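Notes follow once the structure below has been shown.
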Amino acid sequence: MSDALFTRFGQEFPAGAVLFRENDPGDVMYVIQTGLVRISKRVGDDDKTLATLGPGEFVGEMAILNTKPRTATATVLEGPARCLVIDAQTLETMVKKNTEIALRLIKKLAKRLDAADTLIEILMHRDPKARVLLGLLRHAEAFGITEHEGIRVRVTAGEVASQVGVDPETAEDLFARLRRLRLIADAPDGSVVVFDLERLEDFIEFLEVPHRFGTP
């Protein structure tokens with residue numbers, strides 16, 4: 001990120017700051033440069049975490065693209081978060097002048113739509129254990145950060161359980177089992193590292209097709 005760009009569009013937000021709230025009107029989007037931002041949605045009396053986004057991601061774009069109220073709440077989870085704050089007119093100008101920005105935006109939106117479709121498919125799955133594992137896999141593929149050891153995901157067992165409609169105990173037990181099998185590990189910052197997506201997918205298949213592998 002250039003200093004000139006941050007000087008023009010940048011703002012810093014401390015941990016706990018709310019960038020926007022669900023149902024608020026939206027006139028700007030945020031491009032995250034540093035820090036982590038939690039995206040959550042109110043369901044009944046609970047706030048359900050939809051995603052945790054880090055550097056390189058953007059939030060709030062849908063409200064300025066479709067001029068509708070915010071569909072979720074964005075809160076700085078780890079700060080200070082340095083963000084570029086872009087209004088609708090500026091975004092339109094950027095997209096017109098820079099095809100790379102336009103393509104990046106399209107790819108991100110397509111990825112978000114794919115993640116939403118995947119969550120719907122997961123919720124239709126009958127096996128609660130498979131829903132938890134598929135929920136973790138979804139986070140790794142859609143929101144994970146690739147590092148040397150594997151893919152780092154900012155999500156807890158409880159958050160996955162809430163998203164896929166499973167009791168927290170089932171999710172905690174499965175996460176503990178994944179740790180014992182060295183499929184995941186807890187990182188010092190509270191995130192989870194998925195060592196190998198293919199092995200995780202194999203384990204999901206193992207649960208889904210017990211007659212081929214024996215009862216897990």
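Using a 10 Å cut-off on Cβ atoms, rank the peptides 26-33, 145-152 from the highest mean neighbour count down.
By packing density, highest mean first, the sequence is 26-33, 145-152.
By count of other Cβ within 10 Å, fewest leading, how are Met94, Met124 ordered? Mind dumping the intermediate values first?
Working: Met94 14, Met124 8.
Fewest-to-most Cβ neighbours within 10 Å comes out as Met124, Met94.
Would you kindly derive the ³J(HN,Hα) couplings of segment 36-52 from the backbone phi angles with the Karplus curve 6.51 cos²θ - 1.76 cosθ + 1.60 (θ = phi - 60°), listing them in order in whole Hz, with x for Gly and Pro?
These are the phi-based 3J(HN,Hα) values: 10, 10, 8, 9, 9, 9, 7, 10, x, 9, 10, 9, 9, 6, 8, 6, 10 Hz.
In the chain, what is the count of Lys pairs whose alpha carbons are under 24 Å apart, counting only pairs at least 8 residues apart or on separate chains?
Here the count comes out as 19.
So what J values fall out for segment 54-62 if you push phi through Karplus, 6.51 cos²θ - 1.76 cosθ + 1.60 with θ = phi - 60°, rounded to Hz, Gly and Pro as x?
Along segment 54-62, the couplings run x, x, x, 8, 10, 9, x, 6, 5 Hz.
With a Förster radius of 25 Å, plug the Cβ-Cβ distance of Leu103 and Thr146 into 1/(1 + (r/R0)^6) and report the FRET value to the nearest 0.05. The partial results should precede the final answer.
On the way: r = 20 Å, r/R0 = 0.80.
It comes out at approximately 0.80.
Between Thr90 and Ala115, what FRET efficiency follows from the Cβ-Cβ distance if R0 is 35 Å, with the result rounded to 0.05? Please report the intermediate quantities before stating the final value.
Details: r = 26 Å, r/R0 = 0.75.
E between Thr90 and Ala115, to the nearest 0.05, is 0.85.
Can you tell me the orientation of helix 88-97 relative to the chain, as the angle in degrees between its alpha-carbon axis and the longest Cα principal axis, to the nearest 10?
90 degrees
Fewest to most neighbouring Cβ within 10 Å: what's the order for Asp196, Asp46?
Values: Asp196 14, Asp46 10.
With the sparsest Cβ surroundings first, the list reads Asp46, Asp196.
Taking the chain as the reference, fit the longest principal axis to its C-alpha atoms, fit the long axis of helix 197-208 to the helix C-alpha atoms, and give the angle between the two in degrees, 0 to 90, nearest 10.
Between helix and principal axis, roughly 50 degrees.
FYI, it's all coordinate maths here, none of it is from the lab. If you're wondering where the values come from, they're calculated on a predicted model, not measured in any experiment. Cβ atoms come from the backbone with ideal geometry, glycine included; neighbour counts cover every protein chain shown.
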